[in-house]
Amino acid sequence: MRKSLLLSALFLHIIIRTGLSVEGMWIPLLIEKFNIKDMQEKGCRLAAEDIYSINKACLADAVILFGRGCTGEVISPDGLVLTNHHCGYSRIQAHSTLEKDYLNEGFWAFTRSEELPNPGLTASFLIRIEDVTQMVLQGTDSIAGRIEKEKHIDRSIDQLIKITTDRTGYNAEIKPFYFGKEYYMFVYQTFRDIRLVGAPPASIGKFGGDTDNWIWPRHTGDFSLFRIYADSTNSPADYSPSNIPYKPGNHLKISIKGIRENDFTMILGYPARTNEYLTSHELKIISNSTLPRKIELRNAILDIMKNAMDRNPEIKLKYASKYAGMANAWKKWIGVLQGFERYNTIRKKETFEEQFRLWLNRNPDNQEKYAYLLPEFSKTYSELEPYYFVNDYASEAIFHVELIEYVSGFTSLLSLMSENQEEEPESTINKLKSRTENFFKNYEVEIDKEIFIKVLELYSANVGQQFLPDFYHTIHQKFRGNYRKFADRIYKKSFFTDKEQIMELLDHYSNASVRKIISDPLFRIYSSFGEVYRNKIFPQYDKLTEQLDDLYPEYLAALMLMQPDKLFYPDANFTMRMTYGKAEGYSPADAVEYRYNTTLKGIIEKEDPEVYDYVVPEKLKNLYEEKDFGRYGANGKMPVCFIASNHTSGGNSGSPVLDADGYLVGLNFDRNWEGTMNDFMYDPDICRNISLDIRYVLFIIEKYAGADHIIGELTIID
Ligand code: ARG
Ligand code: GLU
């Protein structure tokens, strides 16, 4: 009796531990069909159409694509937007100077007229999703050639988008799902006047800095506030002082009841890219060559930047955003490699592939149809490997030389003159002018030259001889292998280091300018990399990856036959997805258990006035000591962050974390390091998303910043 009780208790534990975690990023349109039943069983009290619907106001209405890579949500009837501090970071930096240092001091607009415009920043609302598979694929069966087929698909997509968006003021995109088995159209309304409303100081918004990035336990107050502005008809418009706050169809209501362990959680947002169905062959290439070499390269570049930043506060400010962006992916990759190793990701894939083989063996029909797949993958990948590596590594290397990245923009000018295109040269020139302004604002030629040297060295050390551009001969013959001398020469001779000369050229653009550009030494370096790419990399790379493009849909079809009870979710492709799970801790190592939440106490424990990442503002310390948490504290503590088992990825930053009733309880901003391999293989025991507790956000706005007028705009349930 005792024994069986104990046993069932054990089982229960296992069920509770893993039973609620759900792998997958789901298409909002299909929640009713695929997910809602399971969600409700796990505690969700919403109907599918509360989450996504075209007929009534729903949660998805309040979720936006923020800028080019983040998510945000509307939290007031006056178009107030909540997103991450790191999503607003480059904008906050752009408004900062050494005198008005919003990045380090924080920024709060106390009236609407103080809210700061951000040229180029957009916010897109999802108007609707449509399954357009049939329309896109119609007629493709009878087309034999792959290129013809693709052209046909592209034409159908263009037409559908045109019909949908013409004269509507909307924009739309159609993307393939499940390796092209299905296509969905996403229609958006995009706003262009987005203003900065508030941001905590870096010592709150980036507390823990790059040291704590990707790490649990976490104490980063990673949020910022923006507002969407519209014209007098509530429609998108370019920035104008006469624009008024946008009145959204719906905004999220906030619950400050608090999130408890095992509570149901749900996220809506824009994850950018996952690769859950890759075979072990590609994972091996990634883990043996591309990631380690890319990490090595970024190690070197980050060192160069950091040295310069530590020596000069002005450079530190200028390079803050670039550095954070570089360090972010670099550190994630290290986590991915460690995760692969630690959780035997590749072995698990291989074992799974072995099961697939066994399953095929059991049925001659399947055998006949699909047995070619794995051997074909193996063959294709082994041919592809050198090209796969150089394709990935070259762009990573070359475009981290900032000047090369910048001059690549000038190819648009060249084609403009040569092809006598109809497009207004003026618009291209204006774009380049503003690109030039932005580029030089945050550019230090000496740092870039050091990076250039390092990149050339590492590129030649890591890629095969056949992929070296011609100028390496010059380095070896004329400069006796001295990269520094070569770099000195190039940077001295290139006019692209001189903003005045570039502006002059853009002001008086002529055929002579074309000659000047193409004979520029830096532009020639860029072009010779381009030549290698066009002649030595692309043809093979393209041919072999096309073979893979044929294999993967068949492979997925076979897997679906093999696992008829499993729900397959499409890889993330930067369209809106819904993911759900629950608030829960995890065990990062034997005998270690992490709790699901952190509190302000942890910030005080981490404090170190000597270390930039761990400086705590005086005012925050006082609030802590006086336990002045207002209505946001719980049991004498101030909650800060929590983790949950929602399947997220890059792009989910700024996503709303919602409770069982659809109230906003958190703001997603990160994943745990041990779990970053979830882009390739999700493990419900280890993978966690990291969110800010909404109560900490409100506490900082009200108690720290004293911005009560912002609190007054919100709909808060307590
Ligand atoms: N790791 C988070 C994300 O992937 C946050 C990055 C920003 N923070 C930083 N310290 N760089 O984007
Ligand atoms: N910080 C990430 C982002 O910018 C979200 C964390 C992740 O990659 O999951 O999207």
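The values are calculated or read from the model by the stated rules, or taken from the named source; none is laboratory data. Not measured: the values here are computed from a predicted model. Cβ atoms come from the backbone with ideal geometry, glycine included; neighbour counts cover every protein chain shown. Ligands, DNA and RNA are stripped out before the accessible areas are found, and what is left, the full protein with its side chains, is counted by its heavy atoms. Shrake-Rupley method; radii C 1.70, N 1.55, O 1.52, S 1.80 Å.
Filter segment 118-133 down to the residues that are under 22 Å from the mean Cα position of the chain (by Cα) and not in a strand (DSSP E or B) and list them by number.
If the condition is that a residue be under 22 Å from the mean Cα position of the chain (by Cα) and not in a strand (DSSP E or B), then ASN118, PRO119, GLY120, LEU121, THR122 are the ones that fit.
Evaluate segment 150-159: report whether one residue or more is under 30 Å from GLY249 (Cβ atoms), open to solvent by less than 40 Å² (accessible area, probe 1.4 Å) and of a type in the set (A, V, I, L, M, F, W, C). Please lay out each step first, then the result.
From segment 150-159, those under 30 Å from GLY249 (Cβ atoms) are 157-159; that's our starting set.
Checking the rest, the ones that are also open to solvent by less than 40 Å² (accessible area, probe 1.4 Å) come to 157.
Add one more test, that the residue is of a type in the set (A, V, I, L, M, F, W, C), and what stays is 157.
Yes, there is a match, as at least one residue in segment 150-159 is under 30 Å from GLY249 (Cβ atoms), open to solvent by less than 40 Å² (accessible area, probe 1.4 Å) and of a type in the set (A, V, I, L, M, F, W, C).
State whether one or more residues within segment 689-699 are within 15 Å of ligand 1 (Cβ to nearest atom), outside any strand (DSSP E or B) and either at pLDDT 95 or above or open to solvent by less than 20 Å² (accessible area, probe 1.4 Å) (or both).
No - not one qualifying residue is present in segment 689-699.
Please state which one of SER240, SER235, SER203 is touching a residue at least 24 places away in the same chain (Cβ under 8 Å), farther than 26 Å from CYS687 by Cβ, open to solvent by 10 Å² or more (accessible area, probe 1.4 Å) and not in a loop (DSSP other than H, G, I, E, B).
Residue meeting the stated conditions: SER203.
Matching residues to (1) open to solvent by 70 Å² or more (accessible area, probe 1.4 Å); (2) touching a Pro at 6+ places or on another chain (Cβ under 7 Å); (3) in a helix (DSSP H, G or I):
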residue: ILE447; (1), (2), (3): no, no, yes
residue: TYR472; (1), (2), (3): no, no, yes
residue: ARG480; (1), (2), (3): yes, no, no
residue: ARG484; (1), (2), (3): yes, no, yes
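Just the residues that are assigned to a helix (DSSP H, G or I) and either surrounded by 12 or more Cβ atoms within 10 Å (Cβ to Cβ) or touching a His at 6+ places or on another chain (Cβ under 9 Å) (or both), please, taken from segment 494-514.
PHE495, PHE496, THR497, LYS499, GLN501, ILE502, MET503, GLU504, LEU505, LEU506, SER513, VAL514 - these are the residues of segment 494-514 that are assigned to a helix (DSSP H, G or I) and either surrounded by 12 or more Cβ atoms within 10 Å (Cβ to Cβ) or touching a His at 6+ places or on another chain (Cβ under 9 Å) (or both).
Which of the residues spanning segment 263-318 are β-branched (Val, Ile, Thr) and more than 24 Å from the chain's Cα centre (by Cα)?
ILE304, ILE315 - these are the residues of segment 263-318 that are β-branched (Val, Ile, Thr) and more than 24 Å from the chain's Cα centre (by Cα).
Among the residues in segment 146-159, are any free of Cβ contacts under 8 Å to residues at least 12 places away in the same chain, basic (Lys, Arg), closer than 27 Å to GLY67 by Cα and not in a loop (DSSP other than H, G, I, E, B)?
Taking every residue of segment 146-159 in turn, none turns out to be free of Cβ contacts under 8 Å to residues at least 12 places away in the same chain, basic (Lys, Arg), closer than 27 Å to GLY67 by Cα and not in a loop (DSSP other than H, G, I, E, B).
Looking at VAL22, VAL81, which one is at pLDDT below 95 and buried (at least 20 other Cβ atoms within 10 Å of the Cβ)?
Details: VAL81 fails: at pLDDT below 95.
Checking each option against the conditions leaves just VAL22.
Just to check your reading of the model, which residue among PHE179, PHE191, PHE186, PHE223 is within 23 Å of the chain's Cα centre (by Cα), within 16 Å of ligand 1 (Cβ to nearest atom) and buried (at least 16 other Cβ atoms within 10 Å of the Cβ)?
Selected residue: PHE223, the only one of PHE179, PHE191, PHE186, PHE223 that is within 23 Å of the chain's Cα centre (by Cα), within 16 Å of ligand 1 (Cβ to nearest atom) and buried (at least 16 other Cβ atoms within 10 Å of the Cβ).
Could you list, ordered by first residue, the pairs with Cβ atoms under 8 Å in which the first is in segment 590-604 and open to solvent by 100 Å² or more (accessible area, probe 1.4 Å) and the second is at pLDDT below 95, at least 6 apart or interchain?
Filtered contacts from segment 590-604: no entries.
Do we have LYS449 as without any contact (Cβ under 8 Å) to a residue 40 or more places away in the chain and of a type outside the set (Asp, Glu) here?
So LYS449 fails the test.
Please indicate, with yes or no, whether at least one residue in segment 108-121 is within 16 Å of ligand 2 (Cβ to nearest atom), touching a residue at least 12 places away in the same chain (Cβ under 8 Å) and closer than 30 Å to VAL665 by Cβ.
For segment 108-121, residues within 16 Å of ligand 2 (Cβ to nearest atom), touching a residue at least 12 places away in the same chain (Cβ under 8 Å) and closer than 30 Å to VAL665 by Cβ: present.
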